[in-house]
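Below is one structure, written out as structure tokens, with a few remarks after it.
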Amino acid sequence: MSDYNFAYLDEQTKRMIRRAILKGLAIPGYQVPFASREMPMPYGWGTGGVQVSAATLTPDDTFKVIDQGADDTTNAVSIRKFFEKTAGVATTEETSAASVIQTRHRIPEDELREDQILVYQVPIPEPLRFLEPSEVETRKMHSLEEYGLMHVKLYEDIAKHGAIATSYAYPVKVEGRYVMDPSPIPKFDNPKMEMAGIQLFGAGREQRIYALPPYCQVVSLDFDDFPFEASKADHACDMCGATDSYLDEVIMDDAGNRMFVCSDTDYCASRRKAGHVGAQGTPFEEDAA
Amino acid sequence: MTPLLQVQNISKFYGHRIGCQDVNFDLYPGEVMGIVGESGSGKSTLLNCLAGFLTPETGEVRFEMRDGEMRDTVTMSEPERRMLSRTDWAFVHQHARDGLRMNVSAGGNVGERLMAVGARHYGNIRAEAVDWLGRVEISEERVDDRPTQFSGGMQQRLQIARNLVTGPRLVFMDEPTGGLDVSVQARLLDLLRGLVREMGLSAIIVTHDLAVVRLLADRLMVMKDGHVVETGLTDQVLDDPQHAYTQLLVSSVLQV
């Protein structure tokens, strides 16, 4: 073990965060204020998610971290190592093997189970923030369910772009009550939020926690004549050939060549292991770089 | 006929200072009431008390709800009062930027109240917005422009369209023509007069401009140091002022 208390935070802090999480689960979509701590990483790097994970992890958990769907980016690797060191928990890159998954900007492609917890890193928890700068006013709007302004934003999108151009952090209404920011996940992931797993959202800088209990009703806001559409690049993954996953566009050179690949690296790798090959892919080899 | 609004003994103090004291009046459907007085006379304080932005220390503001019941808006719950101010009430600010969302298009500004009361069909909201822009003489092609690109007079007309789109029954106006040049003022007043007549609106207009009330108001209330010093029909008060202060006010108007 290490000289750190289990999962870095002291027990009192974890209890405080757990109380906020429980309150959040009791009032789905409601932003619960909590006393966010200084973490050994800058704000904007997932301090909220890390604190929620720290309060959620037990020694028996298996932990996975993804950043934009990938297990191997700086943010994901650093946070995974952080908990390996401070909590000594087992870590994995396999979605189905993890019991707690911390994520930045994606929901894994594999459907989550009831025994899994998804922890989101949230930069700005207030969906009304860019429309109404006053926190006093936005809290009042939430408490009085005055959400007309949210549709003004979508109206502006259609007026300017001919369609709802908001493609990530697409606002949702939870259980017919609170309008919630789903963190900057692509709107492709919005329908997945009605899932079996527990979803916890932590915003460290803004000091807010909110949550969705399992099988919670989550409706993406839209207009009758411009219904919500979960869009993705109209392409198949060039590595594994998947047509149902969210894709990253990768520029290959300065001659206009590009490829589309799954943003969920675990999903892509497991498909390639199973023998699927995309248009520009090569058959899977164990330990290939 | 029953009054639309009954104001009884409204007093508002700022510490020991008087904002306004013991104001009483009834406003009937279709009637336009002017409130005049110099700066600091309490007319804006009174208007803000009536519109629910300030809570008066004493008194009642009873408003006839759509079901005919008279309700005291001072003691009603905040959600109810805010619902009123989105539907049955309208508030036209002196400075258009207080009443508009400057970073939202003209169409979005007009549509906001519709969406706030549940409209969820983009095509209908937009059609309604275009219709209302037409009524306040803003051309359809400006529907996607932001108010920052509008002139002062256009901003004020946009603010009026945004307020009237849900068909309110009572409009509060705080110096609606303040800061506009005279020709723009004249067109705005013409427009307001037309809309008030056409929609049968009741309105309370606070201004220090006696020409505005002579054009728009049926009845006039003169305030001085937080008290109402004279009330009556507009023409009667302006042509035959009784109170010394009203006489001073009327005689202070510059003649061209």
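For A:Ala165 and B:Glu140, what does the FRET efficiency come to when R0 = 30 Å and r is the distance between their Cβ atoms, rounded to the nearest 0.05?
Numbers: r = 22 Å, r/R0 = 0.75.
E between A:Ala165 and B:Glu140, to the nearest 0.05, is 0.85.
Taking neighbour counts of Cβ atoms within 10 Å as a proxy for exposure, in what order, fewest first, do A:Trp45, B:Trp132 appear? Don't skip to the answer; put the middle values down first.
Working: A:Trp45 18, B:Trp132 22.
Listed from fewest to most nearby Cβ atoms, that is A:Trp45, B:Trp132.
Evaluate the charge dipole of chain B about its Cα centre and quote only its size in Debye, nearest 20, assuming +1 on the Cβ of each Lys and Arg and -1 on the Cβ of each Asp and Glu. Walk me through the numbers on the way to the answer.
Values: 26 positive and 34 negative charges, 135 e Å.
Dipole size: approximately 660 debye.
May I ask for the net charge around A:Glu11, where only other residues with Cβ less than 14 Å from the Cβ of A:Glu11 are counted and Lys, Arg are +1 while Asp, Glu are -1? Please list the in-between numbers first.
On the way: positive: A:Lys14, A:Arg15, A:Arg18, A:Arg19, A:Arg37; negative: A:Asp10.
That sum, taken over residues with Cβ under 14 Å, equals +4.
Once fully extended, how much extra length lies between A:Asp10 and A:Glu145, figured as 0.36 nm per residue of separation less the alpha-carbon to alpha-carbon distance?
Details: separation 135, 0.36 × 135 = 48.60 nm, distance 3.68 nm.
Extra length available between A:Asp10 and A:Glu145 comes to 44.9 nm.
Assuming 1.002 mPa s and 20 °C, estimate D for the stretch B:54-184 with Stokes-Einstein, Rh taken as the Kirkwood radius over Cα pairs, in µm²/s. Mind dumping the intermediate values first?
Values: Rh = 15.8 Å.
Translational D for this selection: 136 µm²/s.
Say the dipole of the protein assembly as shown comes from +1 at the beta carbon of Lys and Arg and -1 at that of Asp and Glu; which of B:Ala244, A:Phe260, A:Ser220 then lies farthest toward its positive end?
B:Ala244
List the GluC sites (Glu not before Pro) within the stretch A:76-141 that fall in a DSSP loop (any state other than H, G, I, E or B) and whose Cβ has at most 12 other Cβ atoms within 10 Å. If you can, show how the numbers build up before the last one.
On the way: sites: A:Glu84, A:Glu93, A:Glu94, A:Glu109, A:Glu111, A:Glu114, A:Glu135, A:Glu137; in loops: A:Glu93, A:Glu94, A:Glu109, A:Glu111, A:Glu114.
Taking the stretch A:76-141 and a limit of 12 other Cβ atoms within 10 Å, the loop GluC sites (Glu not before Pro) found are A:Glu114.
Take the alpha carbon gyration tensor of chain B, find the square roots of its eigenvalues, order them as a ≥ b ≥ c, and report rounded if a/c is under 1.5; if not, report prolate when a/b exceeds b/c, else oblate.
On the way: a/c = 1.90, a/b = 1.32, b/c = 1.43.
Verdict is oblate for chain B.
Report, for chain A, the % of DSSP beta bridges that are antiparallel, rounded to 5. If you can, show how the numbers build up before the last one.
On the way: 21 of 37 bridges.
Just about 55 percent of them are antiparallel.
Can you list, bin by bin at 5 Å, the percent of alpha carbon pairs in chain A, starting at 0?
1, 5, 11, 16, 17, 16, 13, 10, 6, 3, 1, 0
Kindly identify the stretch A:134-219 as rounded, prolate or oblate by the Cα gyration tensor criterion: order the square roots of the eigenvalues as a ≥ b ≥ c, call it rounded if a/c is under 1.5, otherwise compare a/b with b/c, prolate if a/b is larger, else oblate.
Numbers: a/c = 1.66, a/b = 1.17, b/c = 1.41.
Oblate is the answer for the stretch A:134-219, as a/c is 1.5 or above yet b/c matches or exceeds a/b.
Of all DSSP beta bridges in the protein assembly as shown, what percent run antiparallel (nearest 5)? Provide the component values of the computation, followed by the final result.
Numbers: 42 of 76 bridges.
Of those bridges, close to 55 percent are antiparallel.
Pull out a ≥ b ≥ c, the square roots of the eigenvalues of the alpha-carbon gyration tensor of the protein assembly as shown, then state rounded if a/c is under 1.5, prolate if not and a/b is larger than b/c, and oblate in the remaining case.
prolate
How far apart, in nm, are the 7 Å Cα→Cβ label points at A:Lys23 and A:Asp3?
3.5 nm
Take every Cα pair under 8 Å in chain A that's 6+ residues apart, average their separations, divide by the length, and report that relative contact order as a whole percent. If you can, show how the numbers build up before the last one.
Values: 596 pairs, mean separation 58.3, N = 289.
Once normalised by length, the contact order is 20 percent.
Cross-link list A:Lys160/A:Lys232; A:Lys85/A:Lys192; A:Lys64/A:Lys192; A:Lys64/A:Lys173: which exceed 23 angstrom alpha carbon to alpha carbon? Intermediate results must be reported in sequence, preceding the final value.
Values: A:Lys160/A:Lys232 21 Å; A:Lys85/A:Lys192 32 Å; A:Lys64/A:Lys192 19 Å; A:Lys64/A:Lys173 28 Å.
From A:Lys160/A:Lys232; A:Lys85/A:Lys192; A:Lys64/A:Lys192; A:Lys64/A:Lys173, over 23 Å: A:Lys85/A:Lys192; A:Lys64/A:Lys173.
Over the stretch B:98-167, calculate the relative contact order: mean separation of alpha carbon pairs under 8 Å at least 6 apart, over the residue count, as a percent.
47 percent
For the stretch B:98-167, build the charge dipole from Cβ charges (+1 Lys, Arg; -1 Asp, Glu) around the Cα centre, then report which of B:Gly152, B:Met115, B:Trp132 sits farthest towards its positive end.
Of the options given, the answer is B:Met115.
Given R₀ = 22 Å, FRET efficiency for B:Ala127-A:Asp224 by Cβ-Cβ distance, to 0.05? Kindly include the intermediate steps, with their values, before the conclusion.
Numbers: r = 14 Å, r/R0 = 0.62.
Efficiency, rounded to the nearest 0.05: 0.95.
Please give the charge dipole size of the stretch B:98-167, origin at the Cα centre, charges +1 on K and R Cβ atoms and -1 on D and E Cβ atoms. Round to the nearest 20 debye.
Working: 9 positive and 9 negative charges, 39 e Å.
The dipole magnitude comes to about 180 debye.
Dipole of the protein assembly as shown, Cα-centred, from +1 at each Lys and Arg C-beta and -1 at each Asp and Glu C-beta, to the nearest 20 debye? It would help to have the intermediate numbers written out before the result.
On the way: 55 positive and 80 negative charges, 215 e Å.
Taking the Cα centre of the protein assembly as shown as origin, the dipole is about 1040 debye.
Readers should treat all values here as calculations from the given coordinates under stated rules, not as data from a laboratory. Treat the numbers as computed from the prediction; the structure is a model and nothing was measured. We place every Cβ from the backbone using ideal geometry, glycine too, and count neighbours over all the protein chains shown.
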